[in-house]
Amino acid sequence: MLSLTSMTTAIWTGGALTCRILAKRKWGFPTRAACTAATQRTMMKYILVTGGVISGIGKGIIASSVGTILKSCGLHVTAIKIDPYINIDAGTFSPYEHGEVFVLDDGGEVDLDLGNYERFLDIRLTKDNNLTTGKIYQSVINKERRGDYLGKTVQVVPHITDAIQEWVVKQAAVPVDDDDVEPQVCVIELGGTVGDIESMPFIEAFRQFQFKVKRENFCNIHVSLIPQPSATGEQKTKPTQNSVRELRGLGLSPDLIMCRCSTALENSVKEKISMFCHVEPEQVICVQDVSSIYRVPLLLEDQGVVSYLSRRLNMPIEARPRKMLTKWKEMSDRSDRLLEHCSIALVGKYTKFSDSYASVIKALEHSALAISHKLEVKYIDSAHLEPSTLQEEPVKYHEAWQKLCSADGILVPGGFGVRGTEGKIHAINWARKQKKPFLGVCLGMQLAVCEFARNMLGWKDANSTEFDPESKHPVVIDMPEHNPGQMGGTMRLGKRRTIFKSNTSVLRKLYGDAEYVDERHRHRFEVNPELTSHFEDQGFRFVGQDVEGERMEVIELDDHPYFVGVQYHPEFTSRPIKPSPPYLGLLLAAAGKLQSYLQKGCRLSPRDTYSDRSGSSTPDSEISELKLPSISNE
């Protein structure tokens, strides 16, 4: 048993992992010098990713890619996204405003970039991995109200900046891998562009932070645009020079300048950036447009980013073959070589902005890659399928129906609001009657219930109380705990368990004959449990329910190639080589391969990407082991 002196010494060391282990061993407690050395060896490494010139140039993909290549070297990596808007979270955003709202296991409604982090790194983040100005100011104001500042004047500096640094340090230490090991590297993406007035407190916080954690534990990657005007075809460096000058003026000096450009960076341009931005040529990285985002980690690796970061941050990276990146290359090459096509009609409300359905598109891409097909997504504004459009804009009406009828499968994703819902119901009706593969997610499942009630049960006014509170057949109702007076954070959010009630369920088989699944939810309304018996009698099965058996989670239709609806959002847990089973089922059915797949016991299911020997915390599975070509050659 440790003495009080030993325990005090253990606290003094700052909690180094090595010291905690040694303290338990029989030969006694290590010296203070040994503890200090161990603490330095296990010090967290912080990589800050900033952006210049314009927003939306791919900081999220680059941050994810940096994390991916470091994880391939055997490091445990976590990620934090900072958004300088005042919103507490992304939950109340319109998809047109900021893209989709990504939902985490703990119910956090966060920026879509956290979806990129989870997909690339195969990690599970929490809501505190998304930091906003609103969250920071709220926490500081709450402290002020409690009197934590002892009557002092509360200011941006030092109170806001200190709160930012404390948040980052605390969250960086939270395990995000299945093995529950504390991360070694934290990649932090600062949203917006350098120079924005709203991001100034964060820039100042990291200016101070770099000195607190020491130079060998902090570096800055600056992502900048290299425009290439069509008139001259010349790559212009002036925007990057100005952006870096602004960043340096604010107290941060970039260690790597990642240049986003349409074509490969010319050597003369790289040397010019090096000269005017005070960096070595090897610190100027070219990130040109590539055929697939999965090639970005390979692009960074080829230009020596890992070796530079290893030297710059003194990281314990072993010199060994990086098997994980080999798999990414095989996956990217395979994506470029696909010949067979499969088209999916995405019938939604926000189809003018593809980021509104970012995770849905990624889940479709993962599934299409798994069955060796090139994906074609046909975006259809659901309002264009409605009879009123035929009268007002007949061209749009006929174009929308032509897209729908020519697609191999139909997907109705989640959404809110009444606009376009009747068009979605028309699409579902067509998929049911024509036996076209169909997947309904969240609202898509609820509308499938409405469509069946109207056309098969004869309840012509059947509807959701969200759209018609006076309906005599409310087949979809609001949840008892829903508070209609407040929109933010009032939904059923996060990971919930779904129990399969049928052994013959198609979706259960796709999940590997699992008795239950844990998936992420985001909804305020649910199927009315009092009316479900009427559906079951007509072959409309509620094959999945919540743990209490009160909430309907999965629907399937008898005598149909693939007619599935899920109340949860399976796209949030889809991974590049572990596609979401509901989406995989849709693609298999659309390609005419579902029955063959099921007959073979689903043995061709894609498995995890990462290798034990790559140092990641997930199981090993080679792409070649997936035996996917045997599907596509049938």
Original post:
Given labels modelled 7 Å from the Cα in the Cβ direction, how far is it in nm from Val154 to Lys329?
Top reply: 5.4
**OP:** Find, among the GluC sites (Glu not before Pro) in region 513-542, those assigned to loop by DSSP (not H, G, I, E, B) with at most 13 other beta-carbon atoms within 10 angstrom.
**Re:** Glu515
Original post:
What are the extents of the Cα atoms of region 45-331 along their three principal axes, listed from largest to smallest and rounded to whole Å?
Top reply: 58, 42, 41
Subject >> Area accessible to solvent at His384, 1.4 Å probe radius, in Å² >> reply: 50
Original post:
Given R₀ = 30 Å, FRET efficiency for Ser596-Asp178 by Cβ-Cβ distance, to 0.05?
Top reply: 0.40
Subject >> Which of Arg119, Arg311, Arg334 is most accessible, then next, and so on - probe 1.4 Å >> reply: Arg311, Arg334, Arg119
Original post:
When only DSSP loop residues count, what trypsin sites (Lys or Arg not before Pro) in region 375-418 have their Cβ near at most 15 other Cβ atoms within 10 Å?
Top reply: none
Original post:
Roughly how many percent of the accessible protein surface of the chain is carbon and sulfur, given a 1.4 Å probe and a whole-percent answer?
Top reply: 51
**OP:** Please work out how much length the chain gains when fully extended from Arg124 to Ser94, using 0.36 nm per residue of separation minus the C-alpha to C-alpha distance, in nm with one decimal.
**Re:** 8.3 nm
**OP:** Please state, to two decimals, what the Cα-based radius of gyration of the chain comes to when divided by 2.2 N^0.38 Å (N = residues).
**Re:** 1.03
Subject >> Top positive-direction residue, dipole computed over region 45-331 with Cβ charges, set Leu125, Val185, Ala264 >> reply: Ala264
**OP:** Report the normalised scattering of region 61-152 as log10 I(q)/I(0) at q = 0.10, 0.16, 0.17, 0.18 Å⁻¹, calculated by the Debye formula with identical scatterers on the alpha carbons.
**Re:** -0.33, -0.71, -0.77, -0.82
Original post:
Between Cys405 and Lys212, what is the spin-label point distance in nm, taking each point 7 Å from the Cα along the Cα→C-beta axis?
Top reply: 6.4
**OP:** Kindly work out what percent of the DSSP beta bridges joining two residues of the chain are antiparallel, to the nearest 5.
**Re:** 35
Original post:
By its C-alpha gyration tensor, with a ≥ b ≥ c as the square roots of the eigenvalues, how is region 444-589 shaped: rounded for a/c under 1.5, else prolate for a/b larger than b/c, else oblate?
Top reply: oblate
**OP:** State which entries of Lys396/Lys424; Lys329/Lys578; Lys170/Lys329; Lys509/Lys578; Lys378/Lys600 exceed 26 angstrom in Cα-Cα distance in the structure shown.
**Re:** Lys170/Lys329; Lys378/Lys600
Original post:
Any idea what the relative contact order of region 150-276 is, in percent, if you count C-alpha pairs under 8 Å spaced at least 6 apart?
Top reply: 22
**OP:** Give the accessible area for His426 in Å² (nearest 10); use a 1.4 Å probe, count only protein heavy atoms, and leave out ligands, DNA and RNA.
**Re:** 70
**OP:** Please work out the C-alpha center-to-center distance from region 215-244 to region 349-380 and express it in whole Å.
**Re:** 31
Original post:
Using +1 on the beta carbon of Lys and Arg, -1 on that of Asp and Glu, and nothing else charged, what's the dipole of the chain about the Cα centre, debye to 20?
Top reply: 1900
Original post:
Which value at 222 nm does the chain reach when only helices count, each DSSP H run of 4 or more adding -39,500 (n - 2.57), with the total divided by all residues and rounded to the nearest 500 deg cm²/dmol?
Top reply: -10500 deg cm²/dmol
**OP:** Could you rank Met445, Met43, Met491 by how accessible they are, 1.4 Å probe, largest area first?
**Re:** Met43, Met491, Met445
Subject >> DSSP-defined beta bridges in region 45-331 - what % are antiparallel, rounded to 5 >> reply: 5
Original post:
According to a simple spin-label model (label point 7 Å from Cα along Cα-to-Cβ), what is the distance in nm between Leu339 and Ala514?
Top reply: 3.5
**OP:** Determine how large the accessible area of Phe572 is when every protein chain is in place; take a 1.4 Å probe and give Å² rounded to the nearest 10.
**Re:** 10
Subject >> region 441-571 - charge dipole about Cα centre, Lys and Arg +1 at Cβ, Asp and Glu -1, debye rounded to 20 >> reply: 300
Original post:
In whole Å, how far is the Cα centre of region 525-573 from that of region 78-118?
Top reply: 28
Original post:
In debye to the nearest 20, how big a dipole does region 348-442 give about its Cα centre with +1 on each Lys and Arg Cβ and -1 on each Asp and Glu Cβ?
Top reply: 300
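Relative contact order (percent) for region 45-331, with alpha-carbon contacts under 8 angstrom and 6 or more residues of separation?
25
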**OP:** Quick one: compute the contact order of the chain, relative version, from alpha carbon pairs under 8 angstrom and 6+ residues apart, as a percent.
**Re:** 14
**OP:** Determine, from the Cβ-Cβ distance of Ser55 and Glu470 and an R0 of 60 Å, the FRET efficiency 1/(1 + (r/R0)^6), rounded to the nearest 0.05.
**Re:** 0.85
**OP:** Answer rounded, prolate or oblate for region 215-306, using the Cα gyration tensor with square roots of eigenvalues a ≥ b ≥ c: rounded when a/c is under 1.5, else prolate when a/b is larger than b/c, else oblate.
**Re:** oblate
Original post:
How large is the accessible surface per residue of the chain, computed with a 1.4 Å probe and reported in Å² as a whole number?
Top reply: 43
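The values are calculated or read from the model by the stated rules, or taken from the named source; none is laboratory data. Keep in mind that this is a model prediction, so the values were computed, not measured. Using ideal geometry, Cβ is built from the backbone for each residue, glycine included, and neighbour counts are taken over all protein chains shown. Just the protein is used for accessible areas: all its heavy atoms, side chains included, with ligands, DNA and RNA removed. Shrake-Rupley method; radii C 1.70, N 1.55, O 1.52, S 1.80 Å.
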